[in-house]
Amino acid sequence: MSDTASRNPAFAAQMLADALLRTVAGTTATLRVAGTNPNTDQSQLGLVATTFAEVPVSPVVMRKLRPNWHEGGQSQWELLVSANGVGSQVHALDLASAESLFAMTVAVTVAGKDYLIESVAANEAVGQVYLYRLLVREAGQEAV
């Protein structure tokens with residue numbers, strides 16, 4: 001059993017990040033993850049339909065990044081995700097790490113809009129991840 005008291009410096013940053021995300025109108029994001037298919041010849045040929053699962057993660061906050069001034073560029077957003085929320089889903093799905101969860105993610109849905117993950121960064125304090133920063137862009141209808 002772990003000590004999650006606020007006096008424990010390893011978990012203080014996680015609790016502070018959760019509190020700040022909730023305070024600034026944090027919401028829930030839904031990760032659409034690809035399910036695992038059996039390793040058979042039919043699945044390798046694409047004859048077995050891929051299954052998807054909806055994985056809710058909260059609290060999250062989304063902010064728009066400065067627009068790029070090149071022609072045809074899409075708006076980019078930064079999705080700030082609680083490490084505790086991600087950790088609980090990693091544990092529930094019996095995955096090895098948060099990186100494996102993000103690698104399985106096909107799309108992220110926030111407030112009814114779909115986004116594609118371009119990159120993932122983790123913020124750490126005292127050796128513990130307290131926040132994930134996902135660089136996302138709006139998904140076109142053909143992408144999802």
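Each row is one residue, and each column tells you yes or no for (1) at pLDDT 65 or above; (2) open to solvent by less than 100 Å² (accessible area, probe 1.4 Å).
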{"site": "Thr23", "(1), (2)": "yes, no"}
{"site": "Gly26", "(1), (2)": "yes, yes"}
{"site": "Thr30", "(1), (2)": "yes, yes"}
{"site": "Ala34", "(1), (2)": "yes, yes"}
{"site": "Ser58", "(1), (2)": "yes, yes"}
{"site": "Met62", "(1), (2)": "yes, yes"}
{"site": "Leu65", "(1), (2)": "yes, yes"}
{"site": "Trp69", "(1), (2)": "no, no"}
{"site": "Gly72", "(1), (2)": "no, yes"}
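Within region 74-93, track down each residue that is more than 22 Å from Leu20 (Cβ to Cβ), of a type outside the set (A, V, I, L, M, F, W, C) and in a helix (DSSP H, G or I).
Scanning region 74-93 gives a single hit, His91.
Could you look through region 1-10, keep only residues that are open to solvent by 50 Å² or more (accessible area, probe 1.4 Å) and not charged (D, E, K, R), and pick out the one that is modelled with the lowest pLDDT?
So the residue we want is Met1.
Okay, residues lined up against (1) open to solvent by less than 50 Å² (accessible area, probe 1.4 Å); (2) assigned to a strand (DSSP E or B); (3) closer than 15 Å to Ala29 by Cβ:
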position	(1), (2), (3)
Leu95	yes, no, no
Glu99	no, no, no
Phe102	yes, no, yes
Val106	no, yes, yes
Thr109	yes, yes, yes
Leu116	yes, yes, yes
Ala121	yes, yes, no
Tyr130	no, yes, no
Val136	yes, yes, yes
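The values are calculated or read from the model by the stated rules, or taken from the named source; none is laboratory data. All values derive from a computational prediction rather than experimental measurement. Cβ: placed from backbone, ideal geometry, glycine included. Neighbour counts: every protein chain shown. Note: accessible area is taken over every heavy atom of the protein model, side chains too, but ligands, DNA and RNA are not part of it. Shrake-Rupley method; radii C 1.70, N 1.55, O 1.52, S 1.80 Å.
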